[in-house]
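Asker: Before we start, here is the structure in question, set down as structure tokens.
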Amino acid sequence: MITLPPGSSGIVFGRPKTVRKIIHCDMDAFYASVEQRDDPRLRGKPVIVAWQGSRSVVCAASYEARAFGVRSTMPAKRAERLCPAAIFVAPDFTRYRVVARDAREIFKRHTDLIEPSSLDEAYLDVTINKTLLPAATLVARTIREQIRKELSLTASAGVAPNKFLAKLASDWRKPDGLFVIQPDEVEAFLLPLPVGRLPGVGKSNEEKLAKHGINTVGRLRFLDRAKLEQEFGHYGVRLYELARGIDENPVVPDRPTQSISVEDTLQADVLLTETEPVIRRLAEKLWSASRQEPRIARTVVLKLKTSEFRILTRSHTESVPPSSRDELTAIALTLRERVTLGPDQRYRLVGVGLSNFRAAEQIGPQPALFE
């Protein structure tokens, strides 16, 4: 059991060895904002980016729709009930990727240390910036102005001494906001926060801490490292550091792709023998997406979710990776044969993925078909 030591006070605030200048830039309601920008009829209206249907989930919601309680990952049917006047727009990820690349080109004017964390947000290390602007706050302000002027979109930004704090800061004044946490302001900012704002403190860990009377970062700071590690394992060390504003993780540009996948939640559950059209369609989309990756994937993955929400995956790795869309499709279809739940089992989701990426020179040339 966790107990707070009596008379605890005078906590020493931990700081990293060197003060970095990190910006977290987050495009506001990105998918929905792109749709509103490109279609004037949608501006000022509650827009939900999702396929309409009983199995669909919300990809993004405009702030007009969020006012009704609509949120990303929410079932589309629930979103429709919350906001009956909402306009549903099917997602166009190809277009969103183009806009995301345009935003990244703006980032590159200021630094080469850019780490995308998703299509619509990224960390930038501007400790030294290309444009020689004297302050990270000015860099963030300039980036936001360039995004507004050139892309006709808005972005929120957080500036702080590390990635963890910059992410918290970018959420602070959304949408279209800028918030700065100076190194000497970190403690005052962190201590009042609910522990649920710390990354990794999900509902389970939040309830676990609440049982011991810990509901703010300030209370969490009373616990020493050994007690946190005993209670939470290795994550306890991370909690100890986050409560003190410590995050030494660097901004890592161009992280190598680990996997690419596409999936589809079906309108109605289907038998395994009925999944072929879906697999073919997904394999085509996956092959197109994989052409943007300079490295080559050796492993093909088939993912299925049963009517009972059980997830199955089957994978196949070749010394020579699939060299065409048809070959990828054939491997994915073959993987179905390794699913043995019976002919009457029905499935609600199908996915196809690629993983185990390698540089072309690590794989070697594909042997000739005819010698």
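Asker: Could you tell me whether the stretch 105-127 includes any residue that is among the aliphatic types (A, V, I, L, M) and farther than 23 Å from residue 252 by Cβ?
Answerer: Looking for residues that are among the aliphatic types (A, V, I, L, M) and farther than 23 Å from residue 252 by Cβ, one finds none in the stretch 105-127, hence no.
Asker: Would you say residue 232 is touching a residue at least 60 places away in the same chain (Cβ under 8 Å), over 25 Å from residue 66 (Cβ atoms) and either outside the structural domain of residue 136 (by TED's automatic domain parsing) or not hydrophobic (A, V, I, L, M, F, W, C) (or both)?
Answerer: The answer is no for residue 232.
Asker: Restricting to the stretch 248-268, and then to whatever is part of a strand (DSSP E or B) and of a type in the set (A, V, I, L, M), can you tell me which residue is nearest to residue 198 (Cα to Cα)?
Answerer: 260
Asker: If you don't mind, another one. Looking only at the stretch 67-79, which residues are under 20 Å from residue 43 (Cα atoms) and surrounded by fewer than 18 Cβ atoms within 10 Å (Cβ to Cβ)?
Answerer: If the condition is that a residue be under 20 Å from residue 43 (Cα atoms) and surrounded by fewer than 18 Cβ atoms within 10 Å (Cβ to Cβ), then 67, 68, 69, 71, 72 are the ones that fit.
Asker: For the stretch 161-211, which residues satisfy the criterion of being of a type in the set (Gly, Ala, Ser) and touching a strand residue (DSSP E or B) at 6+ places or on another chain (Cβ under 6 Å)?
Answerer: Across the stretch 161-211, the qualifying residues are 166, 169, 170, 177.
A quick yes/no check of all residues on (1) part of a loop (DSSP other than H, G, I, E, B); (2) of a type in the set (S, T, N, Q); (3) touching a residue at least 24 places away in the same chain (Cβ under 8 Å); (4) within 20 Å of residue 62 (Cα to Cα):
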{"site": "80", "(1), (2), (3), (4)": "no, no, yes, yes"}
{"site": "84", "(1), (2), (3), (4)": "yes, no, no, yes"}
{"site": "91", "(1), (2), (3), (4)": "yes, no, yes, yes"}
{"site": "96", "(1), (2), (3), (4)": "no, no, yes, yes"}
{"site": "105", "(1), (2), (3), (4)": "no, no, no, no"}
{"site": "128", "(1), (2), (3), (4)": "yes, no, no, no"}
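Asker: Exactly one of (1) out of contact with any Gly (no Cβ under 8 Å at 6 or more places or on another chain); (2) among the basic types (Lys, Arg); (3) under 21 Å from residue 265 (Cα atoms) is unmet by residue 325. Its number?
Answerer: Result: residue 325 passes all but (3).
Asker: Could you tell me which residue of the stretch 59-69 is nearest to the chain's Cα centre (by Cα), considering only residues that are within 12 Å of residue 29 (Cα to Cα) and of a type in the set (A, V, I, L, M)?
Answerer: Within the stretch 59-69, the match that is nearest to the chain's Cα centre (by Cα) is 60.
Asker: Among the candidates 244, 238, 173, 197, which residue alone is in contact with a Gly (Cβ under 9 Å, 6 or more places away or on another chain), surrounded by fewer than 17 Cβ atoms within 10 Å (Cβ to Cβ) and modelled with pLDDT of 85 or more?
Answerer: 173
Asker: Here's a follow-up. Only one of these conditions is not met by residue 334: (1) modelled with pLDDT of 90 or more; (2) under 25 Å from residue 57 (Cβ atoms); (3) assigned to a helix (DSSP H, G or I); (4) not aliphatic (A, V, I, L, M). Which number is it?
Answerer: The single condition residue 334 does not satisfy is (2).
Asker: Considering only the stretch 271-288, I want to know if a residue exists there that is hydroxyl-bearing (Ser, Thr, Tyr), at pLDDT below 90 and buried (at least 19 other Cβ atoms within 10 Å of the Cβ).
Answerer: Looking through the stretch 271-288, none of the residues is hydroxyl-bearing (Ser, Thr, Tyr), at pLDDT below 90 and buried (at least 19 other Cβ atoms within 10 Å of the Cβ).
Asker: Determine which single condition residue 3 fails, assuming it passes every other condition in (1) modelled with pLDDT under 85; (2) in the same structural domain as residue 135 (by TED's automatic domain parsing).
Answerer: (2)
Asker: Which members of the stretch 52-68 meet the condition of being closer than 28 Å to residue 307 by Cα and part of a loop (DSSP other than H, G, I, E, B)?
Answerer: Of everything in the stretch 52-68, those that are closer than 28 Å to residue 307 by Cα and part of a loop (DSSP other than H, G, I, E, B) turn out to be 52, 53, 54, 55, 56, 58, 59.
The values are calculated or read from the model by the stated rules, or taken from the named source; none is laboratory data. All values derive from a computational prediction rather than experimental measurement. Don't worry about glycine lacking a Cβ; one is built from the backbone with ideal geometry, like all the others, and counts go over all protein chains shown.
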